[in-house]
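S.K.: Would you mind keeping the following structure in view while I ask a few things?
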Amino acid sequence: MGRITVWSMPLFTRKATHEPQPGAPQLEPLPEPPEPDRGQLRSMQAHRQYLLSCVSPLRPFRQHILDAVGLNICEDIVSSVDLPRFDNSAMDGYAVRAEDVAQASQDAPRSLPVVGEIAAGKAATHRLSPGTAMKIMTGAPVPPNANTIVPYENTDRGEQDVKVFAPSVTGQHIRRIGEDIKSGAQLYWAGDRLGPRDIGVLAGIGLDKVQVRPRPRVVVIATGSELVDPGLELSNEQQIFDSNSYLLAAAAKAAGAQVYRVGQVGDDRVALKQLIGDQLLRADLILTTGGVSQGDFDIVKAVMPEMGPCDFAQVAMQPGKPQGFGLIGFDRVPMIMLPGNPVSAFVSFEAFVRPVIRKLMAVRPYVRRVVRCRAAHDMKSISGRLQLARGIVGVDHSGGREVELAGGHGSHLLADLARANALVILPEDVEFVSAGDDVDVWLLDESPG
Ligand code: AMP
Ligand code: MG
């Protein structure tokens, strides 16, 4: 991430009389924000592009393979070993030469002296002489000169001599050296995402650590003096439970972040500054909700510019019009300040935060893919604002996708948001969609990819 501290500027450009005050860093401005392109408003796409341009992928480092599940590997992986490492038995039984048991049958078993026993982890110390057998366990190395394994089931399991009741062709029940993975084979390319089975491969070839980008550490804070943590008692009629910090923490986690849900802070300048200051140390991204509209107590908007350069924009979308962004503190930690209404906060998360988290992880595409769906009924939209309406996508009678809107427009309707599985994208210039027309949607439950 472009963490340029103010101290990296040449000192002679600063005047001695303007030494920065503690807690009030001399601010390097933000990159120039985009001009409004929708009347006084900024388009959603332009705002997203702006935020993306202000963050860079996190630096990779070597992490334990178990911590790398779901992350993108940042190095090519070439196996330095063969897997299997040596020819070994796939069965518990006897190592023999195929030619010595070729005539064996139930009625005329072939009897061979048992000259040794090889367990997994033990070496096959000597060659197998013609006309003899060695007991062998699954995974144990096949002794030189043996070319097939007779499983216990086809023998009398003899100790001194063994009776073999069936032939066993050359190579049967032998796992060959390198048949799984050859030494020198390239197994992963930088950029590949590691799933649980890949972790098995990495361990199998002897790697305990790999170079991966870390999960972005996302600090989530809800602002508002009315908020109470769920699980506690509401003490007066004006208080409400804080749903946003949980909603966004869960969404950020689902997007791949390592989340620190800090909880709530009241509409209090000092408390907010103190809390943000405390959190900067461990954050790759700070998310807040509330306090960015036009209200008298919208202190996020009032206070954050004192801690770093900020951009407060009116975005041509509904919900989610007021948006804030800043690069906070000496390390210029990105901070996205979302509106307080739960649906606005979530829609803004989808539009802006998820893409930023993915860019921090260098996982493309940053933005969800757009899927076309048939509108199940007429839909109205407001001119001049891109609407992200909650939708329920299902399958219509012909097997295609169709979408209906989920409940009302209100930005406070949490239950409708949870019922929805999609956001229907109704562009700025669309005022009406007829039933049967195609619309674009983001499918919210699609796997991260
Ligand atoms: P604000 O953006 O702070 O003016 O908040 C807008 C609306 O969202 C108000 O009705 C708040 O009570 C509500 N709200 C703000 N934060 C939360 C939250 N964390 N959980 C639930 N509702 C919230
Ligand atoms: Mg508020």
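S.K.: State whether one or more residues within the range 225-241 are surrounded by 15 or more Cβ atoms within 10 Å (Cβ to Cβ) and more than 16 Å from ligand 2 (Cβ to nearest atom).
M.R.: There is no residue in the range 225-241 that is surrounded by 15 or more Cβ atoms within 10 Å (Cβ to Cβ) and more than 16 Å from ligand 2 (Cβ to nearest atom).
S.K.: Step by step: first the residues of the range 300-315, then only those that are in contact (Cβ under 8 Å) with a residue 60 or more places away in the chain and crowded, with 24+ Cβ neighbours inside 10 Å, then the one that is nearest to ARG48 (Cα to Cα). Which residue is that?
M.R.: Residue satisfying both the conditions and the ranking: VAL315.
S.K.: Here's another thing I want to ask about it. If you scan the range 414-449, which residues turn out to be open to solvent by 50 Å² or more (accessible area, probe 1.4 Å), of a type in the set (A, V, I, L, M) and within 18 Å of ASN341 (Cβ to Cβ)?
M.R.: Matches in the range 414-449: LEU414, ALA415, ALA418.
S.K.: Can you name every residue in the range 292-311 that is near ligand 2 (Cβ under 10 Å from one of its atoms) and within 31 Å of the chain's Cα centre (by Cα)?
M.R.: Hits for the range 292-311 are VAL292, VAL300.
S.K.: Quick one: would you say VAL292 is crowded, with 24+ Cβ neighbours inside 10 Å, more than 14 Å from ligand 1 (Cβ to nearest atom) and not assigned by TED's automatic domain parsing to the domain that holds LEU414?
M.R.: So VAL292 does not fit the description; no.
S.K.: Only one of ASP278, ASP311, ASP284, ASP267 is among the acidic types (Asp, Glu) and under 22 Å from GLU35 (Cα atoms); which?
M.R.: ASP311
S.K.: Still on this structure, please answer the following. So which strands (runs of 3 or more DSSP E) are wholly in the range 32-122 and hold at least 2 residues that are touching a residue at least 12 places away in the same chain (Cβ under 8 Å) and either of a type in the set (A, V, I, L, M) or at positive phi (or both)?
M.R.: So the answer is 93-96, 110-118.
S.K.: As an exercise: evaluate PHE325 against (1) of a type in the set (Phe, Trp, Tyr); (2) within 13 Å of ligand 1 (Cβ to nearest atom); (3) buried (at least 22 other Cβ atoms within 10 Å of the Cβ) and give the number of the one condition it does not meet.
M.R.: Single failed check for PHE325: (2).
S.K.: Among the candidates GLY206, GLY191, GLY195, which residue alone is in contact with a Gly (Cβ under 8 Å, 6 or more places away or on another chain), in contact (Cβ under 8 Å) with a residue 40 or more places away in the chain and either within 16 Å of ligand 2 (Cβ to nearest atom) or outside the structural domain of ARG282 (by TED's automatic domain parsing) (or both)?
M.R.: Just a single option satisfies the conditions, and that option is GLY195.
S.K.: Restricting attention to the range 270-289, and to residues there that are among the aliphatic types (A, V, I, L, M) and either more than 16 Å from ligand 1 (Cβ to nearest atom) or under 13 Å from LEU327 (Cα atoms) (or both), which single residue is most open to solvent (accessible area, probe 1.4 Å)?
M.R.: Per the stated criteria, the residue is LEU281.
S.K.: Another question, then. Looking at the range 103-146, which of the residues that are closer than 18 Å to GLY171 by Cβ and of a type in the set (Gly, Ala, Ser) is surrounded by the fewest Cβ atoms within 10 Å (Cβ to Cβ)?
M.R.: If we take residues in the range 103-146 being closer than 18 Å to GLY171 by Cβ and of a type in the set (Gly, Ala, Ser), then GLY139 is surrounded by the fewest Cβ atoms within 10 Å (Cβ to Cβ).
S.K.: While we're here: Given the conditions (1) touching a residue at least 40 places away in the same chain (Cβ under 8 Å); (2) within 15 Å of ligand 2 (Cβ to nearest atom); (3) surrounded by fewer than 21 Cβ atoms within 10 Å (Cβ to Cβ), and given that PRO339 satisfies all but one, which numbered condition is not satisfied?
M.R.: Single failed check for PRO339: (3).
S.K.: Take ARG374 and decide whether it is part of a strand (DSSP E or B) and open to solvent by 20 Å² or more (accessible area, probe 1.4 Å).
M.R.: So ARG374 fits the description; yes.
S.K.: Quick check on GLN258: is it within 18 Å of LEU58 (Cβ to Cβ) and touching a Phe, Trp or Tyr at 6+ places or on another chain (Cβ under 9 Å)?
M.R.: Details: within 18 Å of LEU58 (Cβ to Cβ): yes; touching a Phe, Trp or Tyr at 6+ places or on another chain (Cβ under 9 Å): no.
So GLN258 fails the test.
S.K.: Next question, about the same structure. Would you mind stating whether ARG176 is on the phi > 0 side of the Ramachandran plot, open to solvent by 60 Å² or more (accessible area, probe 1.4 Å) and at pLDDT 95 or above?
M.R.: no
S.K.: Any residue in the range 409-422 that's under 17 Å from TYR246 (Cα atoms): show its pairings with residues that are open to solvent by 70 Å² or more (accessible area, probe 1.4 Å) at Cβ separation under 8 Å, as long as the two are six or more apart or on different chains.
M.R.: SER411/ASN341; HIS412/ASN341
S.K.: Could you please find all residues in the range 213-247 being in contact with a Lys or Arg (Cβ under 8 Å, 6 or more places away or on another chain) and not hydroxyl-bearing (Ser, Thr, Tyr)? Give the steps one after another, and end with the answer.
M.R.: Taking the range 213-247 and keeping what is in contact with a Lys or Arg (Cβ under 8 Å, 6 or more places away or on another chain), we get 213, 217, 219-220, 245-246.
Answer for the range 213-247, where residues must be in contact with a Lys or Arg (Cβ under 8 Å, 6 or more places away or on another chain) and not hydroxyl-bearing (Ser, Thr, Tyr): ARG213, ARG217, VAL219, VAL220.
S.K.: Taking the conditions exactly as written (open to solvent by 20 Å² or more (accessible area, probe 1.4 Å) and under 20 Å from SER344 (Cα atoms)), does ALA406 satisfy them or not?
M.R.: Spelling it out, it is not the case that ALA406 is open to solvent by 20 Å² or more (accessible area, probe 1.4 Å) and under 20 Å from SER344 (Cα atoms).
S.K.: Also, I was wondering about something else. Being open to solvent by 40 Å² or more (accessible area, probe 1.4 Å), under 23 Å from LYS301 (Cα atoms), modelled with pLDDT of 95 or more and more than 15 Å from ligand 2 (Cβ to nearest atom) narrows it down to one of VAL220, VAL262, so name that one.
M.R.: Being open to solvent by 40 Å² or more (accessible area, probe 1.4 Å), under 23 Å from LYS301 (Cα atoms), modelled with pLDDT of 95 or more and more than 15 Å from ligand 2 (Cβ to nearest atom) holds for just one of VAL220, VAL262, which is VAL262.
The values are calculated or read from the model by the stated rules, or taken from the named source; none is laboratory data. Keep in mind that what you see is a predicted model, and the values were worked out from it rather than measured. Glycine also receives a Cβ, built like all others from the backbone with ideal geometry; neighbour counts cover every protein chain displayed. Side chains included, ligands, DNA and RNA excluded: accessible areas come from the protein's heavy atoms. Shrake-Rupley method; radii C 1.70, N 1.55, O 1.52, S 1.80 Å.
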